[in-house]
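The values are calculated or read from the model by the stated rules, or taken from the named source; none is laboratory data. Every value quoted in this text rests on a predicted model; they were computed, and no experiment measured them. Here the Cβ positions follow ideal geometry from the backbone for every residue, glycine too, while neighbour counts run over all protein chains shown.
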Amino acid sequence: MEKTIKSVQDLYDMLDADFRSAKHFWEPFYENRDRPIPFFPNKPDENLVAGMEKGLLRGGRALEMGCGPGRNALYLARQGYQVEAYDLSETAIAWAKERAAEEQLDVHFECRSVFELTPEQEYDLVYDSGCLHHLLPHQRIPYIAMIDQALKPGGYFGLTCFAPGFGDQGGPEHVMDDWEVYREKSMRGGLAFTEEKLRYLLEDTFECVELRPMKAMGQNDAYFGLPILWAALWRKPEARDGHILV
Ligand SMILES: C[S@@+](CC[C@H](N)C(=O)[O-])C[C@H]1O[C@@H](n2cnc3c(N)ncnc32)[C@H](O)[C@@H]1O
């Protein structure tokens, strides 16, 4: 029955209804590939490369959330991961598939909302570069639960998201408190997180392996890096409350 709140999903739907559709925003975003968008070039995140080089990330199955044109998924495939990568934008997925074909890389790219995924403790790595900070605060609840559900015990969750204080460099200047988002009916282009807020949101579910500012990388560097972003790596514990997670 329309506009009747019976379930938590009904509540989420009511909260979503006050905001612009993410799909309508992201679909045309990738139409002009020549725009100087920092994450358009086909370069992986410097922190993802560092995780591989340190031997923390060792291959297996990877799931990327909000993959855009696929630069990190493609890197993971080059490193031997079996990769599934999802994005809301058909245009971004078409671009990602072209890139994969050019390199003859086998990546499962699909246009689908991450909220439609129902994984079952099957991934060694879940990666999110810039998706979480575009989700509404209430959407984090199913999102984090789904990432937890996606990972094998001991699996890793890599994340980059906005840090505050970079209004002059194209990032958010301030951290909005979550209630403010609903009062303004806007995320002002993406939410910034303090280190404390990120830890508060994620530390009940994951162990923090690393949380640091992303390193600045230049146009001629082989990797992507902007200090307006946090670079974080989390790990799903092997056991919770004395119970081994299997
Ligand atoms: C800032 S872009 C980052 C793209 C890519 N991760 C990169 O770094 O190159 C954020 C991406 O998240 C995607 N996105 C946002 N909400 C999503 C959702 N609910 N399901 C799937 N993708 C989503 C958008 O379509 C967009 O491509």
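Are any of the residues in segment 83-93 free of Cβ contacts under 8 Å to residues at least 12 places away in the same chain, within 10 Å of the ligand (Cβ to nearest atom) and closer than 23 Å to TRP26 by Cα? So far as segment 83-93 goes, no, none of its residues is free of Cβ contacts under 8 Å to residues at least 12 places away in the same chain, within 10 Å of the ligand (Cβ to nearest atom) and closer than 23 Å to TRP26 by Cα. Listed conditions (1) among the hydrophobic types (A, V, I, L, M, F, W, C); (2) part of a helix (DSSP H, G or I); (3) away from the ligand (no atom under 13 Å from the Cβ) are all met by MET176, apart from (2). Note on segment 111-123: among residues that are over 21 Å from LYS152 (Cβ atoms) and in contact with a strand residue (DSSP E or B) (Cβ under 7 Å, 6 or more places away or on another chain), the one that is surrounded by the most Cβ atoms within 10 Å (Cβ to Cβ) is CYS111.
A quick yes/no check of all residues on (1) more than 25 Å from GLU238 (Cβ to Cβ); (2) of a type outside the set (A, V, I, L, M); (3) away from the ligand (no atom under 14 Å from the Cβ):
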{"residue": "SER113", "(1), (2), (3)": "yes, yes, no"}
{"residue": "GLN121", "(1), (2), (3)": "no, yes, yes"}
{"residue": "TYR127", "(1), (2), (3)": "no, yes, no"}
{"residue": "ASP148", "(1), (2), (3)": "no, yes, yes"}
{"residue": "CYS161", "(1), (2), (3)": "yes, yes, no"}
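Listed by first and then second residue, the pairs with beta-carbon distance under 7 Å, at least 6 apart or on different chains, first residue in segment 96-119 and in contact (Cβ under 8 Å) with a residue 12 or more places away in the chain, second among the polar types (S, T, N, Q) and away from the ligand (no atom under 14 Å from the Cβ), are PRO119/GLN149.
Taking segment 152-166 as the range and being out of contact with any Phe, Trp or Tyr (no Cβ under 8 Å at 6 or more places or on another chain) and at pLDDT 95 or above as the test, the residues that pass are PRO153, GLY154, GLY165.
Just checking, does segment 200-219 include any residue being free of Cβ contacts under 8 Å to residues at least 12 places away in the same chain, within 24 Å of GLY51 (Cα to Cα) and in a helix (DSSP H, G or I)? Yes, some residue in segment 200-219 is free of Cβ contacts under 8 Å to residues at least 12 places away in the same chain, within 24 Å of GLY51 (Cα to Cα) and in a helix (DSSP H, G or I).
Within segment 177-217, the set of residues being surrounded by 13 or more Cβ atoms within 10 Å (Cβ to Cβ) and over 24 Å from ILE147 (Cα atoms) comprises GLU180, TYR182, SER186, ARG188, LYS215, MET217.
In segment 122-133, the residues that are among the small types (Gly, Ala, Ser) form no Cβ pair under 6 Å with any partner that is surrounded by fewer than 22 Cβ atoms within 10 Å (Cβ to Cβ) and not in a strand (DSSP E or B), whether six or more places apart or across chains. Of the residues making up segment 1-47, those that are within 10 Å of the ligand (Cβ to nearest atom) and either under 30 Å from GLU210 (Cα atoms) or in contact (Cβ under 8 Å) with a residue 60 or more places away in the chain (or both) number 15.
Residues that are assigned to a loop (DSSP other than H, G, I, E, B), within 16 Å of the ligand (Cβ to nearest atom) and touching a residue at least 12 places away in the same chain (Cβ under 8 Å): does segment 232-243 have at least one? Looking through segment 232-243, none of the residues is assigned to a loop (DSSP other than H, G, I, E, B), within 16 Å of the ligand (Cβ to nearest atom) and touching a residue at least 12 places away in the same chain (Cβ under 8 Å).
Being under 30 Å from TYR200 (Cα atoms) and surrounded by 14 or more Cβ atoms within 10 Å (Cβ to Cβ): is that true of HIS138 here?
When the stated conditions are applied, HIS138 passes them.
Would you confirm whether or not segment 66-75 contains a residue that is touching a Leu at 6+ places or on another chain (Cβ under 9 Å), closer than 23 Å to GLU120 by Cβ and more than 10 Å from the ligand (Cβ to nearest atom)? No, every residue in segment 66-75 fails to be touching a Leu at 6+ places or on another chain (Cβ under 9 Å), closer than 23 Å to GLU120 by Cβ and more than 10 Å from the ligand (Cβ to nearest atom).
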